[in-house]
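The values are calculated or read from the model by the stated rules, or taken from the named source; none is laboratory data. Model, not experiment: these values are computed from the prediction. Methodologically, a virtual Cβ is constructed for each residue, glycine included, from the backbone with ideal geometry; neighbour enumeration extends over all protein chains shown. What goes into the accessible areas is simple: the full protein's heavy atoms, side chains included, and nothing from ligands, DNA or RNA. Shrake-Rupley method; radii C 1.70, N 1.55, O 1.52, S 1.80 Å.
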Amino acid sequence: MSDPAGRGVVWLGSPSFPDAARHALKDTQLRANLKRATSTIRDKRLAVASELDDWEELRTSAAAIKKRTARHLDHYLVQLEESVTAAGGTVHWASDAAEANRIVTELVRATGEREVVKIKSMATQEIGLNEHLAEEGIAAYETDLAELIVQLGDDRPSHILVPAIHKNRTEIRDLFTAEMGRWGWPAPDGLTDDPAELADAARRHLREKFLTAKVAVSGANFAVADTGTVVVVESEGNGRMCLTLPQTLITVMGIEKVIPTWSDLEVFLQLLPRSSTGERMNPYTSTWTGTTDGDGPSAFHLVLLDNGRTDTLADTVGRQALACIRCSACLNVCPVFERTGGHAYGSVYPGPIGAVLTPQLVGVENAASLPFASTLCGACYDACPVKIDIPEVLAHLRAQVVEAKRSAQRLPTAEGVAMKAAAAVLDSPALLAAAQKAVALGGRALARGGRIGRLPGPMRGWSDTRDTPAPPAQSFRDWWHKNKEGER
């Protein structure tokens with residue numbers, strides 16, 4: 001569904017992050033699935049990244065390319081349109097989700113087809129393309145294994161790279177057995193949860209779709225402005241089937257995916273596979289430039305999607321989020337994501353990058369809890385291959401959320417009053433000393449066995465989920481006055 005502000009971004013409408021996370025934390029199977037998967041990918045990424053002596057230099061280069069592109073995005077997008085058109089493709093501009101969905105629907109209808117095969121695409125999930133096509137009588141079949149699992153289960157993706165990370169293989173086996181027959185080729189009798197058997201069942205199910213589909217819909221990892229080349233990287237070969245067999249190919253791409261030159265790909269094709277799957281290179285890297293007689297689709301359409309990106313670009317701090325190459329490295333190192341999963345974020349972009357990207361695309365007032373879905377530990381920044389300073393953007397957006405609440409209420413918020421009081425105390429040595437003494441006395445009065453139990457009033461939100469140690473009998477200030485003051 002679309003967000004309340006009418007910007008056309010898919011907002012899944014789940015509860016606020018704290019409520020959704022509280023529910024997710026009670027699911028022990030979910031937490032076990034997440035921990036096993038993220039730790040495995042995390043360890044692989046560290047191993048292959050350490051093989052490159054120039055890893056940090058590659059990150060710096062990627063960040064510089066993305067910053068330069070963002071500063072001159074209008075130039076590179078026009079250049080991309082000219083290059084794609086010269087190569088035989090057609091470029092369409094979509095300001096929001098509604099326009100993008102309308103364009104794709106009309107293109108499919110023009111072919112006379114009522115079915116399309118799809119490559120995994122965050123952009124089409126963002127605009128709710130599958131749902132829109134279904135309303136228009138067009139069936140969209142996901143061909144990525146994890147996306148197929150999500151689609152068969154009428155579920156939602158919970159990870160950028162591994163959308164079905166919240167499912168274990170036994171759950172997948174049961175889903176294949178129950179649902180595959182409703183969509184096409186059924187699962188074989190006696191299917192076990194052996195990964196090889198599950199993959200074979202998916203292969204047989206999808207083969208029929210690959211061989212009969214006349215229209216394919218894809219996203220794009222990159223698009224090269226100076227050549228008009230579009231790039232998709234994947235690990236299963238389903239993308240290659242979708243990009244070569246159908247007669248018509250429709251690619252929906254966020255405008256931030258453009259890069260200036262072909263040589264820039266050298267940097268990203270080293271960073272992306274290592275950061276995403278922990279591989280030295282992607283098993284399948286598909287590139288195409290327009291159309292070629294007798295080779296691949298005879299019609300190629302590129303839909304360039306804005307959908308809030310131009311507004312994000314105007315924010316000199318927040319625009320960093322548009323540099324994201326969707327590797328998911330930040331998700332795999334995030335302690336919050338590992339314990340709650342992607343559904344708690346209520347967006348097709350989960351994890352740390354979702355916490356900074358989604359509020360900017362839909363407006364902070366429509367995703368006010370997401371910038372707070374972080375410990376600000378900085379692990380995401382350390383892992384990001386394009387050096388997006390996610391903690392900086394989170395703090396920036398938190399300030400916007402507070403300001404938006406203040407403006408809406410036209411009265412000082414409780415947080416604002418508390419911060420002003422804290423500023424006054426911290427600005428006065430005498431007040432700070434008095435406050436420390438009061439807290440120490442109160443803390444020791446509440447302490448039991450070296451720990452403080454449930455705190456009173458609004459502070460209960462802290463103590464309900466944390467062990468709070470009792471204050472020491474002597475503060476550092478008191479110790480200093482007693483032992484060191486005379487040495488000054």
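A few points about this structure:
- Some residue of the stretch 385-402 being surrounded by 24 or more Cβ atoms within 10 Å (Cβ to Cβ) and of a type outside the set (A, V, I, L, M): yes
- The residues of the stretch 342-370 that are part of a loop (DSSP other than H, G, I, E, B) and of a type in the set (A, V, I, L, M), listed by number, are Val348, Ala367, Ala368.
- Of all residues making up the stretch 361-384, the number that are surrounded by fewer than 18 Cβ atoms within 10 Å (Cβ to Cβ) and in contact with a Phe, Trp or Tyr (Cβ under 6 Å, 6 or more places away or on another chain): 0
- Every condition in (1) surrounded by fewer than 23 Cβ atoms within 10 Å (Cβ to Cβ); (2) touching a residue at least 60 places away in the same chain (Cβ under 8 Å); (3) touching a strand residue (DSSP E or B) at 6+ places or on another chain (Cβ under 7 Å) is met by Glu236 except one, and the failing one is (3).
- Test result for Thr285, open to solvent by 20 Å² or more (accessible area, probe 1.4 Å), under 22 Å from Val84 (Cα atoms) and β-branched (Val, Ile, Thr): yes
- Residue match in the stretch 310-320 (condition: modelled with pLDDT of 95 or more, open to solvent by less than 40 Å² (accessible area, probe 1.4 Å) and under 16 Å from the mean Cα position of the chain (by Cα)): yes
- Per-region count, the stretch 293-309, residues within 24 Å of Arg240 (Cβ to Cβ) and open to solvent by 10 Å² or more (accessible area, probe 1.4 Å): 8
- Whichever residue in the stretch 75-86 is of a type in the set (A, V, I, L, M) and open to solvent by 20 Å² or more (accessible area, probe 1.4 Å) and, among such residues, is farthest from Arg309 (Cα to Cα): Ala86
- Those residues of the stretch 105-133 which are β-branched (Val, Ile, Thr) and farther than 10 Å from Val215 by Cβ, in sequence order: Thr105, Ile119, Thr124, Ile127
- Search result, residues across the stretch 371-400 that are part of a loop (DSSP other than H, G, I, E, B), more than 18 Å from Leu272 (Cβ to Cβ) and in contact with a Leu (Cβ under 7 Å, 6 or more places away or on another chain): Ser374, Leu376
- Residue list for the stretch 471-488, restricted to those being open to solvent by less than 80 Å² (accessible area, probe 1.4 Å) and modelled with pLDDT of 75 or more: Pro471, Ser475, Arg477, Asp478, Asn483, Lys484
- Subset of the stretch 111-125 (residues that are modelled with pLDDT of 95 or more and of a type in the set (D, E, K, R)): Glu113, Arg114, Glu115, Lys118
- Screening Thr177 against (1) under 30 Å from Glu279 (Cα atoms); (2) open to solvent by 60 Å² or more (accessible area, probe 1.4 Å) leaves a single unmet condition, (1).
- Where a residue in the stretch 83-101 is touching a residue at least 40 places away in the same chain (Cβ under 8 Å) and its partner, wherever it lies, is among the acidic types (Asp, Glu) and open to solvent by less than 40 Å² (accessible area, probe 1.4 Å), with Cβ under 6 Å and at least six apart: Ser95/Asp306
- Scan of the stretch 298-336 for residues that are part of a loop (DSSP other than H, G, I, E, B) and either touching a Cys at 6+ places or on another chain (Cβ under 6 Å) or under 12 Å from Ile390 (Cα atoms) (or both), ordered by number: Val317, Cys324, Cys334
- When restricted to residues that are outside any helix (DSSP H, G or I) and either open to solvent by less than 40 Å² (accessible area, probe 1.4 Å) or aromatic (Phe, Trp, Tyr) (or both), the stretch 25-41 contains 0.
- With respect to the conditions (1) of a type outside the set (Gly, Ala, Ser); (2) open to solvent by less than 10 Å² (accessible area, probe 1.4 Å); (3) under 18 Å from Ala97 (Cβ atoms); (4) touching a Lys or Arg at 6+ places or on another chain (Cβ under 7 Å), Asn332 lacks only one, and its number is (3).
- Scanning the stretch 177-193 for residues that are in a loop (DSSP other than H, G, I, E, B) and more than 18 Å from Lys209 (Cα to Cα) returns Asp189, Gly190, Leu191, Thr192, Asp193.
- Hits in the stretch 195-209 (condition: closer than 27 Å to Cys327 by Cα and open to solvent by 20 Å² or more (accessible area, probe 1.4 Å)): Pro195, Ala196, Ala199, Asp200, Arg203
- Count - residues of the stretch 57-74 that are without any contact (Cβ under 8 Å) to a residue 24 or more places away in the chain and either buried (at least 16 other Cβ atoms within 10 Å of the Cβ) or more than 29 Å from Asp382 (Cα to Cα) (or both): 1
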